[in-house]
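Colleague: Supplied in structure tokens, the structure appears directly below.
Values quoted throughout were computed directly from the atomic coordinates according to the rules given, and no laboratory measurement underlies them. Model, not experiment: these values are computed from the prediction. When we count neighbours, we look across all protein chains shown, and the Cβ atoms used for this are built from the backbone with ideal geometry, even at glycine.
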Amino acid sequence: MSAVLTLSREYKPYCTTGVITLPSGANVRSLERPWNNNRTNISCIPEGVYHCEWLERSASGKYKRVWHLSNVEGRTGILIHSGNYVRHSTGCILVGLKRGLIGSEEAVLSSRSALRLMRDELEGQDFTLLVA
């Protein structure tokens, strides 16, 4: 049986922030594009239930050891990966250990560490993500 993670979100005009709760109860922070009617590359994904498939390498080869959300209606290539700013995402979910500002821009911090925490806990497994 695959693990179930939850993503609780807060919508803002310029970004979507959230908290992903791992099976152990640990949390990582998330950062996504603002809601823009699920438009490709410029919107966060809709609320829903998603299958997240472990990938050793993304289709582009840019991201290694990440998860791919395989059933996002009208969208492809949605990953959970590292990055700090909204501009580091074209509709994907960025993760960090905490939220903060870099300069005056909202960001997730310690992003690679957060991804490592997820990798360590989930051991390269697929999981279900509940987005609310």
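Colleague: Grab the Cα-Cα distance for ASN71 and THR6, subtract it from 0.36 nm times how many residues apart they are, and report the gain in nm with one decimal.
Modeller: Fully extending the segment from ASN71 to THR6 adds 21.8 nm.
Colleague: Among ASN38, VAL19, SER89, which residue has its Cα positioned farthest towards the positive end of the charge dipole of the chain, with +1 placed on the Cβ of Lys and Arg, -1 on the Cβ of Asp and Glu, and the dipole taken about the Cα centre?
Modeller: SER89
Colleague: Find the Cα radius of gyration of the chain, compare it with 2.2 N^0.38 Å by division, and give the number to two decimals.
Modeller: 0.94
Colleague: Per 0.36 nm of contour for each residue apart, how much would the distance between SER60 and LEU130 grow if the chain were fully extended, relative to their Cα-Cα spacing?
Modeller: 22.6 nm
Colleague: What relative contact order, as a whole-number percentage, does the stretch 3-131 give when Cα pairs under 8 Å and 6 or more residues apart are counted?
Modeller: Dividing the mean separation by the residue count of the stretch 3-131 yields 27 percent.
Colleague: Starting at the first residue of the stretch 39-46, write each ³J(HN,Hα) from the Karplus equation 6.51 cos²θ - 1.76 cosθ + 1.60 with θ = phi - 60°, in whole Hz, x for Gly and Pro.
Modeller: For the stretch 39-46, the Karplus curve yields 6, 4, 6, 10, 10, 5, 7, x Hz.
Colleague: Tell me the relative contact order for the stretch 29-90 as a rounded percent, counting alpha carbon contacts under 8 Å between residues six or more apart.
Modeller: Once normalised by length, the contact order is 30 percent.
Colleague: Given Cβ point charges of +1 (Lys, Arg) and -1 (Asp, Glu) and nothing else, what value in debye, to the nearest 20, does the dipole of the chain about its Cα centre take?
Modeller: That gives a dipole near 440 debye.
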